[in-house]
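Encoded as structure tokens, the structure appears first; notes follow it.
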Amino acid sequence: MLKQRKEKDFFKDNTMGKTIALANQKGGVGKTTTSINLAASLATLEKTVLVIDADPQANASSGLGVDVKTLECSLYECLIGQADIHDAIYTTDIEGLDIIPSHIDLVGAEIEMLNIDNREKVVRRLLEPLKKEYDYIIIDCSPSLGLITVNSLTAADSVIIPVQCEYFALEGIGKLLNTIKIIKSKLNPKLEIEGFLLTMYDSRLRLANQIYDEVKRHFQELVFKTVIQRNVKLSESPSHGLPVILYDADSTGSKNYLALAKEIINSTSTSFS
């Protein structure tokens, strides 16, 4: 049963955790799937992880078993100053993995934030006390480049960009990279690209292999070695409110995301210039 986690429940040393945003304004690229399953895999590898669902669709919330209809507190209340950030943290079925869920009300938050000073830095201020309490904070951004996504990128240390192995895969990537460059120069000079993650990969398809080669040619060492393959269990698990590692630990999807988690733990971010 999911429950709110109180501030006194936290324990961690004084080292600061790493905040990673998952961003791509193109929908359906595996952003939420990656947020859920990367977080679950990191927690399985004995890291403390917090997922921030910054998408009004709240798919990361439901995918981790949160009933958004019965929420007492969500990211929305924190953004508009109606709640303390600790009151919005809920536990999940995986030990060490917590979530700050989203709500459809988040759609209106961007309008309500317009009158706030330094409105691009609201999420950064909210997350500051939490960076000492988790090894990783994973932010699932909405498929847009609006104010909340700008907030998420301003709060992040790095960004993972999922790229699906399908036609028009690189469409819109230039706009996203330009946004990252602007945020890096104006709001968050420490922002780095953690990597481009190829998703929905099917080695049997010529197109998938062509896109894989194209992404590698464009972004070279910024592309993760791990590739997320097409997998039925990966598609099914969100409808059960479970990450794939709990739904079917032996599935290809589970193994892919465990490999990605290990790659992130073992690697250092590459700066984007």
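List of remarks:
- Chymotrypsin sites (Phe, Trp or Tyr not before Pro) within region 110-187, DSSP loop, no more than 15 other Cβ atoms inside 10 Å: Tyr167, Phe168
- Cα-based values for the chain, radius of gyration first and Dmax second, are 17.4, 53 Å.
- Per-residue SASA entry for Arg217, accessible area with 1.4 Å probe, Å² rounded to 10: 150
- Exposure of Leu75 as accessible area (Å², to 10), given a probe of 1.4 Å and all protein chains: 10
- With 27 Å as the limit, the listed pairs Lys233/Lys262; Lys186/Lys225; Lys31/Lys262; Lys18/Lys184; Lys47/Lys181; Lys47/Lys186 have Lys186/Lys225; Lys47/Lys181; Lys47/Lys186 beyond it between alpha carbons.
- The chain: relative contact order in percent, alpha carbon pairs under 8 Å with at least 6 residues between: 25
- Pairs of Cα atoms nearer than 8 Å and 6+ residues apart set the relative contact order; for region 118-273 it is 20 percent.
- In whole percents, the pair-distance distribution calculated for region 125-177 from its alpha-carbon pairs, binned every 5 Å from zero, is 4, 15, 26, 22, 14, 10, 6, 3, 0.
- The apolar share of the surface of region 1-157, taken as the fraction of accessible area on carbon and sulfur atoms (1.4 Å probe, ligands and nucleic acids excluded), comes to 47 percent.
- In the chain, helices alone account for a calculated mean residue ellipticity at 222 nm of -9500 deg cm²/dmol, with every DSSP H run of four or more residues adding -39,500 (n - 2.57).
- Accessible surface calculations at 1.4 Å, restricted to protein heavy atoms, place region 144-201 at 35 Å² per residue.
- Euclidean distance of C-alpha centroids, region 28-90 and region 175-205, integer Å: 21
- Each DSSP beta bridge with both residues in region 134-273 is either parallel or antiparallel, and the antiparallel ones are about 10%.
- Full-stretch length increase - Thr252, Ser203 - with 0.36 nm per residue and alpha-carbon distance subtracted: 16.3 nm
The values are calculated or read from the model by the stated rules, or taken from the named source; none is laboratory data. All values reported here derive from a predicted model rather than from experimental measurement. Every residue, glycine among them, receives a Cβ derived from its backbone with ideal geometry; neighbour counts consider all protein chains shown. Protein only, heavy atoms only, side chains kept; ligands, DNA and RNA dropped before computing areas. Shrake-Rupley method; radii C 1.70, N 1.55, O 1.52, S 1.80 Å.
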